[in-house]
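Novice: Shown below is the structure under consideration.
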Amino acid sequence: MKKILVFGMTPLHGGVESFLINYYHHMDHQKLHFDFLCNFSVPIACEEELRRDGCRIYHITPKKENFFRYQKELHAFFIEHGREYDVFWQNVNELANIEYLVLARRYGIPKRIIHSHSSKSSGGIRQRVLHRVNRTRIDRFATDFWACSASAAAWFYRKKLLPDVVIINNAVDLRKNKFNFEAREKLREQYCCENQYVIGNVGRLTKVKNQAFLLDIIRSLVNKNINARLFLVGEGEDKEILEQKVKLLNLEERVSFVGLQRNVSSWLSCFDLFLFPSMFEGLSIAAMEAQANGDPVLASESVIPPQVRINENFHFFSLERSADEWAERIIQIQNEDMRMDELHIQRSFQKAGFDIETAAQTVQNLLLHNSLYFRDEE
């Protein structure tokens, strides 16, 4: 059995966490054992479940909380446990910190994967500078280069490395995310929105997800006499700002913050439209899960990779357009688009390679096989 050490899980159940858990559930645990390294003092997403499965979860002090303790604990971890693992798999949105890979190499983990999950930096100037510096030397420490999309690969790696990059699809479990009429009716009754056009967004409440613009769109729909209701599923640092904007726009009866939800599929079933005006994405798990549920989707054009479009009722629209124009496009979708049926969804996802059943087998084979690429230079 090969032992895999995974880095990239956080306490929030976001896109990277969903990706890792989706694939984890579809691996052969007789062949692969997974443990998780994280720099959070609080439990990561699904920690209780992972521990029940026999995974070890290693917590080290966050770097921002105490730099010296972080350094001490990180080095101590690799000194004690580094040689136990066959694979180190680092999942990140940028290359601001590659110290984990450096230590994984130093302490003898033979296969070291760096996996890009974004196509743009969301950090400040310091993070962007570090990303550019580490981009020039990542091939000294990683043996395998993965990305969620071609655009994520182009942003993450130098041109000479692109032929070695493996694109790993953000595949989803179609059975887990399929439409559920009973769940839809239950939520719509609970929130008294049976006769409303229900719009939903799933994701971290943060600037790059652009929920502030989403609120402007809802205000425009209300002004156009559309009986719309918005549900924001998720938590994040911008929640208070967004709540203040809801009050400013007098949308208290039209917008609901429902926080993190375990039954995301039920919420997707509740929605009539999945609205996703994100400023940038790698290849969104949330948008894939919405399509697996059959929802019509309206998403940002150009900033989201075109490969994310699986179903015919997925539409792109430019962020250069105004909130009023987005509202008009939503009205058009409301009048023309229906939820996609289950058989059509299954065929579309299998054809595009985003069905987890087949995609997980590909990743499992990559984890089992030894790396071919490694430049040994200081």
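Novice: Select from segment 327-348 the residues that are of a type outside the set (A, V, I, L, M), closer than 21 Å to CYS270 by Cβ and either in a helix (DSSP H, G or I) or out of contact with any Phe, Trp or Tyr (no Cβ under 8 Å at 6 or more places or on another chain) (or both) and list them in ascending order.
Specialist: GLN334, ASN335, GLU336, ASP337, ASP341, GLU342, HIS344
Novice: Quick check on segment 112-134: of everything there that is modelled with pLDDT of 90 or more and in contact with an Asp or Glu (Cβ under 6 Å, 6 or more places away or on another chain), which residue is farthest from VAL165 (Cα to Cα)?
Specialist: Top of the filtered list is HIS131.
Novice: With respect to ARG188, is the statement that it is open to solvent by 20 Å² or more (accessible area, probe 1.4 Å), in a helix (DSSP H, G or I) and out of contact with any Pro (no Cβ under 6 Å at 6 or more places or on another chain) true?
Specialist: no
Residue-by-condition table, conditions (1) of a type outside the set (Ser, Thr, Tyr); (2) within 30 Å of VAL303 (Cβ to Cβ); (3) open to solvent by 30 Å² or more (accessible area, probe 1.4 Å):
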{"site": "ARG83", "(1), (2), (3)": "yes, no, yes"}
{"site": "VAL92", "(1), (2), (3)": "yes, yes, no"}
{"site": "ALA104", "(1), (2), (3)": "yes, no, no"}
{"site": "HIS117", "(1), (2), (3)": "yes, yes, no"}
{"site": "ARG128", "(1), (2), (3)": "yes, yes, yes"}
{"site": "ARG132", "(1), (2), (3)": "yes, yes, yes"}
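Novice: Okay, next question. What number of residues within segment 53-103 satisfy the criterion of being under 23 Å from the mean Cα position of the chain (by Cα) and either on the phi > 0 side of the Ramachandran plot or not in a loop (DSSP other than H, G, I, E, B) (or both)?
Specialist: The total comes to 12.
Novice: Starting from residues that are aliphatic (A, V, I, L, M), under 23 Å from the mean Cα position of the chain (by Cα) and closer than 18 Å to ASP295 by Cα, keep the ones in segment 307-364 and report whichever is most open to solvent (accessible area, probe 1.4 Å).
Specialist: Of everything passing the filter in segment 307-364, ALA352 is most open to solvent (accessible area, probe 1.4 Å).
Novice: For PHE40, are the conditions met, namely being hydrophobic (A, V, I, L, M, F, W, C), touching a helix residue (DSSP H, G or I) at 6+ places or on another chain (Cβ under 9 Å) and either surrounded by 20 or more Cβ atoms within 10 Å (Cβ to Cβ) or in a loop (DSSP other than H, G, I, E, B) (or both)?
Specialist: no
Novice: I want to confirm something. Restricting to segment 127-167 and keeping residues that are under 26 Å from ASP86 (Cα atoms) and polar (S, T, N, Q), which single residue is farthest from the chain's Cα centre (by Cα)?
Specialist: Across segment 127-167, the extreme among qualifying residues is THR136.
Novice: Within segment 286-306, track down each residue that is within 24 Å of TYR197 (Cα to Cα), open to solvent by 10 Å² or more (accessible area, probe 1.4 Å) and under 16 Å from the mean Cα position of the chain (by Cα).
Specialist: ALA286, GLU289
Novice: Right, another one. Would you check which residues across segment 134-167 are open to solvent by 20 Å² or more (accessible area, probe 1.4 Å) and either polar (S, T, N, Q) or part of a helix (DSSP H, G or I) (or both) and list them?
Specialist: Hits for segment 134-167 are ARG135, THR136, ARG140, ALA150, SER151, ALA154, TRP155, LYS159, LYS160, LEU162, PRO163, ASP164.
Novice: What helices (runs of 4 or more DSSP H) completely inside segment 191-278 contain at least 1 residues that are open to solvent by less than 30 Å² (accessible area, probe 1.4 Å) and over 25 Å from GLU320 (Cα atoms)?
Specialist: Filter on segment 191-278 gives 264-270.
Novice: Same structure, new question: May I ask you to verify whether VAL222 is modelled with pLDDT of 95 or more and either under 19 Å from PRO277 (Cα atoms) or of a type in the set (Val, Ile, Thr) (or both)?
Specialist: So VAL222 fits the description; yes.
Novice: Taking segment 168-185 as the search range and keeping residues that are farther than 30 Å from ASN227 by Cβ and open to solvent by 30 Å² or more (accessible area, probe 1.4 Å), which one is nearest to the chain's Cα centre (by Cα)?
Specialist: If we take residues in segment 168-185 being farther than 30 Å from ASN227 by Cβ and open to solvent by 30 Å² or more (accessible area, probe 1.4 Å), then ASN169 is nearest to the chain's Cα centre (by Cα).
The values are calculated or read from the model by the stated rules, or taken from the named source; none is laboratory data. Keep in mind the model is a prediction, meaning the values are calculated, not measured. Using ideal geometry, Cβ is built from the backbone for each residue, glycine included, and neighbour counts are taken over all protein chains shown. Protein only, heavy atoms only, side chains kept; ligands, DNA and RNA dropped before computing areas. Shrake-Rupley method; radii C 1.70, N 1.55, O 1.52, S 1.80 Å.
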